[in-house]
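Worksheet for the structure shown next.
The values are calculated or read from the model by the stated rules, or taken from the named source; none is laboratory data. Treat the numbers as computed from the prediction; the structure is a model and nothing was measured. Reconstructed Cβ throughout: ideal geometry from the backbone, glycine too, with neighbour counts over all protein chains shown. Side chains included, ligands, DNA and RNA excluded: accessible areas come from the protein's heavy atoms. Shrake-Rupley method; radii C 1.70, N 1.55, O 1.52, S 1.80 Å.
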Amino acid sequence: MAAKGLAVVDHSVSERRLRPVYECLDNGNNKKAIQEAEKVLKKQPNFHCAKVLKGLGLLRLGREEECEAILEEVKKDLPAEDTTLQAMSICYKEMHRFQQICEIYEVAVKKDPTNEEFLSHLFMSYVRTGNFKKQQQVAMNLYKLKSKNPYYFWAVMSIVMQAFSSDDSKLAQTVSLPLAERMVEKFIQDGRIEAEAEVEMYLIILELQGKYKEALEVLCSPLADKITSQSQVVRLRRLELLKKLNMWQDLNCFYKVLIKENPHQWSFYEGYFSSLFLVMDMVNGNGNVGVNDVNHHQNECEWNANSNNNNMNAGLGRMGPAAMFDSNPSDAFTFLNDVLAKCIQENMPNCRAPYLARIEFYRQLKARKDFDALGRLGKETYCEDSSYTDSPLDLLINYVRNFGDKPCLYSDLQSYVDLLDKEDVSRFLGEVTLCLEQHDASLTIRDTFRHQNEVMLKRRLGMYEDSSAEELEELVRYLIGFQKKTQNLNQGLLPTDFRCNDYYILLACHMLVDAWKKTGDERHLIRVLILLETEVMDSPANYQYKLLLCQVYNLLGESCTHTQIPHFLLILKKIYDTLGAMEGTLKWFEGLDVKHIMWDTVSHLLTRHVAAQGHFSSAVSVFSSVLKFFTAHNHDSLEYLISAYKFGSFHKIQEFMRFRERVRDSHTFALVVLENMMLDLLLESESHASTAQVLYDDFLIVFVDQLIYLCHTLEMDPEDESACAEDLWDNRDFSTMLAWDSSHKDGQETWQEDSYRWEMDLIKLRSITLRCVLAAYQMLEEGSSQVQVPRHQILQRLAASLKTFMDGLKTQDLNQMVPVLIGGFRPRLCVFADRPDLILSIVDAIDCVLCIHNHVFAASSPDSEGGGERNSQHLQLDPCRDLCMRLANSITWVNDRLGDPQFLESLVFRQRAVEELVDLCEVLSVVIVLCDVLIHLLKPYKTSLVKRSKKRKKELCLPPVFGEVESHVKNVKVEVERLLECVGKVEGEVLARDLSEFLADVSLITDNRKPSGATQAVLSKILNSYDTSFKEIRTVLQKKLKYLSSLTL
């Protein structure tokens, strides 16, 4: 008893002493936390928890090795105190070493096997590592120790996860899932089911086995009463099961009931139509299905709906005898009319779904080519005004009459206006204009929305396609005038509020881009920038402005054909980037406040351009932010899984797993990792030592656990000869950006597929190139390390892969596949396709390395007996001469591009030329590293020749190969100097160029000929961006010159 009291006192004393350490760590004062921990350790040198907290402070200061040493020291003592173990867990979590957490709790459980807390932590540690088998064992131990239902169902879920993740589907279906089912059924039979999560678990198991009928019976049983968290859960689950069972009549009945109860819900109408057409196909297409069968299904449907009164409590509702399923268009017409009449009768003016449902029904009938039904539909009336029929023209006009003043009108009708025949388009627009002209536009917010919807619909229907540039400019003035007239409607709004007249500016930007496409006059794009730079200050909450600004700063480099319509959001970012004005892009991208999953879905707006425009310092920061998200997500997603187990959200666990894998396998993640590696090679390789550090730190040492999978997938190990990953997810989101383009010009979906394919090709090119560099460097250490396959053989195969890739790239005409601006950007592969010498120069450099390696190996062989020296006299280094020739041609080509008069006159041309210059710098960086390998392959050979000559007391006579390699390195240096001289000359010309005259005549907002503040801001961003680009490119080239100067024999 006394001992127990003493332990309590010791615990309270320890807790009091550690409190200042915890407070400092919580406040982020890590240095102070270390000092406080050291004070405690002076009094208690063996206080494990204080040691670990000190290690945590060191870890957060970036001193990971010291933290590791402390953790290893504590770990040897086999601690079993809860506070110590939790502190160690935090350290291992932040170091992404989740397996270590399992090990410390395994030891703790062995020392105290009846400790429920330790067993719980051990279970969660196995969740982090995905060890489902051990999860099951620990969960059953917990249940045996404490007979609690959650522990039992942890074990059941662990068995389900074994089946879910198993590669052997047969084993999962015959062993794992039946075992889990029997375990739950035992609880059901014993009447021990207590919670909703346990019923959900049973449904998950049945659905995974394809036992949908049994799952449906569960939802019609008293067990469904346990599901009480949301009233609609049971209904929605039942809908899904009816679909899987192909019970289309029942499903149709059910959707009719749900629509009558909630006529606003659009997804119910979609389900109703899909079930309706399947019933129609079943009746009309299957000769065995007749009236009696239909009546039988009808009776069965009514019985299923009313078989259990308890279903009322589960939210299923009672369908009653009126719940008849529909089996032909006439029944559907009647049902939709009844729903619409009920909405009108009950005075629901904002209920849009019934109106849209009629239009959607017409669209689906037309898609099915059901001309008989369409003929009947066009003759029937659907409201009190008999002048309106079910024809698409009348349906659309009626919708405009009812909802023309809603901002959602365009998004509602954009997919339906294509139903109109050519002769109906003019009448529809005439009616729309008539409807809108009945209101004095710009007087009220509703009238403003009506007017904006009119312009959007006209653009969608192609009314402005044949307009000249002058007419488009006049239309822009017209829209800007309305925007100014409606400014009074924005009084009293907060900065976080959207303005009702913002769409005028966005539409005007579209018109200006159309004018640029017709004339090629880049001043129209500058007008877009000025317009947006001005308006974004008045409406800072409108993210569409910021996206458009980012895209327009890219657009000038994304010149498209006249058959393509740009997306205004892509326009904005593209203009700044294409002008080379990455400063503008970076500013407005930061203004978007990108967080969390947006780094995966929209970061392509920035990552594509930032390094390609020579903003290397900014690229380092951007790539770091993107990779931080993926690193954090890998950690956070594990915590989501743990929370799902803790709170019994078993139905979310598989969803979290799929989501985690999708983000982990994102092609954005893969591409940014490789681009970051290439950027490190470009910026940090200044000498042999620094290059070795870059290669071994970034290419071999995996910085976080989740990158192990990625690096394996992307072949970062040169010895891995498996193909590059081809099943990465394209998680980019282009739907964020608005567009009002004509339907036949909307190629977003097609282009996104092409863009994904191009970027996967870029991933492959980057992967092979980086592996070539790594394999070549590892050849220098081949004798001191054991490898399965000699590195020179791997390098030879990689060079062949690179040649094959370039042969395939030559067959693609990437310049003809320029994307519509709603989708993305000109592929970076275009430069390599236009100038294959860039990549082939890397292949030549690899051939040089292999040639020298084979010569040195032959000369160093004990069997050579001087033959190697004789062979040196006849060694031919043709690849070196080819390399110098290719580099000279490529540098001459880039110099010509930089010296072209268009470089100063055209911002679009300038952006592309800068991108080509950056690509050449990347190639030069790789070639110089391979030259470094050449020199260091020959150095040991030269040393052996010197020793041999001293031993024989003969004058040293080096073979010609040494002179040829030194000459080759000098030739590369000369070419880099020539490029650097050209860059310096062009930089001076660009910065000396006065763009104010070019920008003075771009404003459509005022008649003032003097450049406005927004004009000056655009000019400043463009000039500053080019200044940054050329400075950083010059710095890189100067570093490469120093690197080449250090390469001597």
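Please work out which residue is modelled with the lowest pLDDT, limiting yourself to the stretch 930-965 and to residues that are closer than 17 Å to D844 by Cα and either among the small types (G, A, S) or under 46 Å from the mean Cα position of the chain (by Cα) (or both).
V965
Within the stretch 211-232, how many residues turn out to be of a type outside the set (V, I, T), open to solvent by less than 60 Å² (accessible area, probe 1.4 Å) and either without any contact (Cβ under 8 Å) to a residue 24 or more places away in the chain or touching a Phe, Trp or Tyr at 6+ places or on another chain (Cβ under 9 Å) (or both)?
Summing the residues that are of a type outside the set (V, I, T), open to solvent by less than 60 Å² (accessible area, probe 1.4 Å) and either without any contact (Cβ under 8 Å) to a residue 24 or more places away in the chain or touching a Phe, Trp or Tyr at 6+ places or on another chain (Cβ under 9 Å) (or both) in the stretch 211-232 gives 2.
Given H96, H121, which one is surrounded by 14 or more Cβ atoms within 10 Å (Cβ to Cβ), under 38 Å from the mean Cα position of the chain (by Cα) and in a loop (DSSP other than H, G, I, E, B)?
When all the criteria are applied, what remains is H96.
With the structure loaded, tell me whether L78 is free of Cβ contacts under 8 Å to residues at least 60 places away in the same chain and part of a loop (DSSP other than H, G, I, E, B) or whether it fails that test.
Yes, satisfied.
Take V990 and tell me if it is at pLDDT below 85 and either β-branched (V, I, T) or assigned by TED's automatic domain parsing to the domain that holds S685 (or both). Even if it seems obvious, please write down each step before you answer.
Values: at pLDDT below 85: yes; either β-branched (V, I, T) or assigned by TED's automatic domain parsing to the domain that holds S685 (or both): yes.
Taking the combined requirement at face value, the residue satisfies it.
Quick one: in the stretch 812-849, which of the residues that are aliphatic (A, V, I, L, M) and open to solvent by 20 Å² or more (accessible area, probe 1.4 Å) is modelled with the highest pLDDT?
So, considering only residues that are aliphatic (A, V, I, L, M) and open to solvent by 20 Å² or more (accessible area, probe 1.4 Å), the one modelled with the highest pLDDT is L840.
Pick from the stretch 723-764 the residues that are of a type in the set (V, I, T) and either open to solvent by 50 Å² or more (accessible area, probe 1.4 Å) or at pLDDT 85 or above (or both): which of them is farthest from the chain's Cα centre (by Cα)?
T750
How many of the residues making up the stretch 317-338 are modelled with pLDDT under 90 and acidic (D, E)?
2
Which residue out of L904, L930 is open to solvent by less than 20 Å² (accessible area, probe 1.4 Å) and assigned to a helix (DSSP H, G or I)?
L930
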